[in-house]
1. Roll a 1.4 angstrom probe over the protein heavy atoms and tell me the percent of accessible area of the chain that is carbon or sulfur.
2. Chymotrypsin sites (Phe, Trp or Tyr not before Pro), restricted to the range 46-102: which are DSSP loop and have at most 13 other Cβ atoms within 10 Å?
3. Suppose accessible area is computed on protein heavy atoms with a 1.4 Å probe; arrange Ser105, Ser7 from highest to lowest.
4. Taking a 1.4 Å probe, which of Thr54, Thr81 shows the most accessible area, and what order do the others take after it?
5. Can you tell me the relative contact order of the range 34-107? Whole percent, Cα pairs under 8 Å, sequence separation 6 or more.
6. Which whole-number value in Å² is the accessible area per residue of the chain, probe 1.4 Å?
7. Would you please name the GluC sites (Glu not before Pro) within the range 5-113 that are DSSP coil residues with at most 11 other C-beta atoms within 10 Å of their C-beta?
8. When the helix-only estimate is applied to the chain (DSSP H runs of n ≥ 4, each -39,500 (n - 2.57), divided by the residue count), what is the mean residue ellipticity at 222 nm, nearest 500 deg cm²/dmol?
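The values are calculated or read from the model by the stated rules, or taken from the named source; none is laboratory data. Small disclaimer: the values here were computed from a predicted structure and weren't measured. Backbone-built Cβ (ideal geometry, glycine too); neighbour counts: all protein chains shown. Please note that ligands, DNA and RNA were not included when accessible areas were found on the heavy atoms of the full protein model with its side chains. Shrake-Rupley method; radii C 1.70, N 1.55, O 1.52, S 1.80 Å.
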Amino acid sequence: MKTYLISIFQPDGPPPPPEVLEPVMRNLAALNAEMVDAGAFVFTAGLCPPSTATVLRAKGDDVLMTDGPFAEGKEHLGGFTVIRAPDLDGALAWGAKMARAITLSIEVRPFQN
């Protein structure tokens, strides 16, 4: 089994209203339970907004710290799930299920061995 990162990208701005968000969270909980039952689930987490980020850059012997996200954009990494799958096709199948469950853009990437 290989390890894969499923990244969830969400639009910048406030979260959707409860009537939109609650069904998405139910779908996500059901998918996480399915991944646990299948032995694919490793770890999942949501992230705080990009405005809470701090960027650190080494410059000589100093490290410069800047508030805010590293990159400006219209969407950001909102959360991720780490899974185990036999191959990329298996990981993409889980990614497709997640994309349908939450209706946001999903990126699937293998971890280096």
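1. Roughly 59 percent, rounded to a whole number.
2. The qualifying sites are Phe70.
3. Solvent-accessible surface, decreasing: Ser105, Ser7.
4. Thr54, Thr81
5. Once divided by the residue count of the range 34-107, the mean separation gives 30 percent.
6. Heavy-atom accessible area per residue stands at 68 Å².
7. Taking the range 5-113 and a limit of 11 other Cβ atoms within 10 Å, the loop GluC sites (Glu not before Pro) found are Glu72.
8. -11000 deg cm²/dmol
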